[in-house]
Amino acid sequence: MNAPHHPGGSGAPGRAEDRPARLSVGVVGAGRVGPALAASLALAGHRPAAVSGVSDASRRRADALLPGVPLVDPAEVMARAELVLLTVPDDVLPGLVRGLAGTGAVRPGQLLVHTSGRYGTAVLDPARRAGGLPLALHPVMTFTGTSVDVQRLAGCAFGVTAPEELRLAAEALVIEMGGEPEWIEESARPLYHAALALGANHLVTLVAQAMDLLRTAGVGAPDRMLGPLLGAALDNALRSGDAALTGPVARGDAGTVAAHVAELRAHAPDALPGYLAMARATADRALDHGTLRPEQAERLLEALSSDGEPA
């Protein structure tokens, strides 16, 4: 590595493991995430050097976000880069790391960054034993695979896990990408990732199902109808937590809930299990918060039973 620099480029003294130098950057796995992160690092003064990708879509993403950067195989990416982004699916990552380490592709002092939310740095142990420097930097953002992702990184939280001696370097890289580092302990990574999947991935499913139901009900532009409502609900939930609960479940309106169950069973049975699960979870939270009285909760549970009829 070259002489270390401040993220802002002031050239303040420090150890190489404390602050990232201007680095050659490689990407193994040109999915939606890797090229965007490499492009953001380029804006901070680092130099994208090589990228690997197999599908036509990955090649197009690399061309669009990293123009002029050669597309090579993973071993060649490792040979050309001081900082390597391992941006492959979670299930592929352990085998990829073992393979790279086993073939001697990892060089001592090489920074290896994966972006998986599920894993901390233990998954990089084979590379660490070969002299690599392991970092887990997970951007808490959904990616489109386009240039808009680079803009969205501004202010984006990153779940950071790293050995203590590399913590400053990890946090500095996140800041250089415009993000905000949030330290996550190794043991907490699976729970951290489950929380994000529950909030973001399942939200997409809920919204898509709601739009489908509105279309079935005859609404011509369900996105315009839902946009203001969901925006307000999200804002209220982030600000107030369980105090933002509203609607028939939180009010204890068992008759309305029973009608919902009957309509979903008749017209959208695929959406019914999700409705029932979320309604029960909402009732539990409203009961714990004191919004819902026990006798109301009992009637709701009956309405959410298999026959869908309130007591």
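So what's the Cα pair-distance distribution over segment 33-96, bin width 5 Å, in %?
Once binned at 5 Å, the Cα pair distances of segment 33-96 give 3, 18, 29, 29, 14, 5, 0.
What accessible area per residue, rounded to a whole number of Å², is obtained for the chain using a probe radius of 1.4 Å?
50 Å²
What length, rounded to one decimal in nm, is gained on full extension from residue 206 through to residue 278, with 0.36 nm per residue of separation minus their alpha-carbon distance?
Stretched out fully, the residue 206 to residue 278 stretch lengthens by 24.9 nm.
Per 10 Å bin, what is the whole-percent P(r) computed from every C-alpha pair distance within segment 44-137?
Answer for segment 44-137: a P(r) of 17, 50, 31, 3 percent.
So if I place +1 on the C-beta of Lys and Arg and -1 on the C-beta of Asp and Glu, and nothing else carries charge, what would the dipole magnitude of segment 105-172 be about its Cα centre? I want it in debye, nearest 20.
It comes to approximately 160 debye.
From the P(r) of segment 57-205, could you give the percentage of C-alpha pairs in the tail past 18 Å?
Tail of P(r) above 18 Å: 59 percent of Cα pairs.
For the ranges 73-80, 133-140, what's the packing order if you count other beta-carbon atoms within 10 Å of each residue, average per peptide, and put the highest first? Mind showing how you got there, number by number?
Details: 73-80: 18.6, 133-140: 23.9.
With the highest mean Cβ count within 10 Å placed first, the list reads 133-140, 73-80.
Dividing the alpha-carbon radius of gyration of the chain by 2.2 N^0.38 Å (N being the number of residues), what value is obtained?
The reported ratio for this selection is 1.23.
If packing is taken as the mean number of other Cβ atoms within 10 Å per residue, what is the order of 270-276, 234-240, 118-124, 96-102, highest first?
Working: 270-276: 15.6, 234-240: 11.4, 118-124: 20.7, 96-102: 18.1.
Ranking the peptides 270-276, 234-240, 118-124, 96-102 by packing returns 118-124, 96-102, 270-276, 234-240.
Have a look at the DSSP beta bridges in the chain and tell me what percent are antiparallel, nearest 5.
For the chain, the DSSP antiparallel bridge percentage is about 15.
Measuring from the lowest to the highest alpha carbon on each principal axis, how far does segment 160-311 reach, largest first, in angstroms?
Computed over the Cα atoms, the extents are 61, 39, 25 Å.
Want the number for residue 75 to residue 194: 0.36 nm per residue separation, take away the alpha-carbon distance, what's left?
Gain in length upon complete extension: 39.6 nm.
Could you state the angle between the C-alpha long axis of helix 56-65 and the longest principal axis of the C-alpha atoms of the chain, as a value from 0 to 90 degrees rounded to the nearest 10?
70 degrees
The values are calculated or read from the model by the stated rules, or taken from the named source; none is laboratory data. If you're wondering where the values come from, they're calculated on a predicted model, not measured in any experiment. Note that we place each Cβ from the backbone using ideal geometry, even for glycine, and neighbour counts take in every protein chain shown. When the accessible area is computed, the model is the full protein with side chains, heavy atoms only, and any ligands, DNA or RNA have been set aside. Shrake-Rupley method; radii C 1.70, N 1.55, O 1.52, S 1.80 Å.
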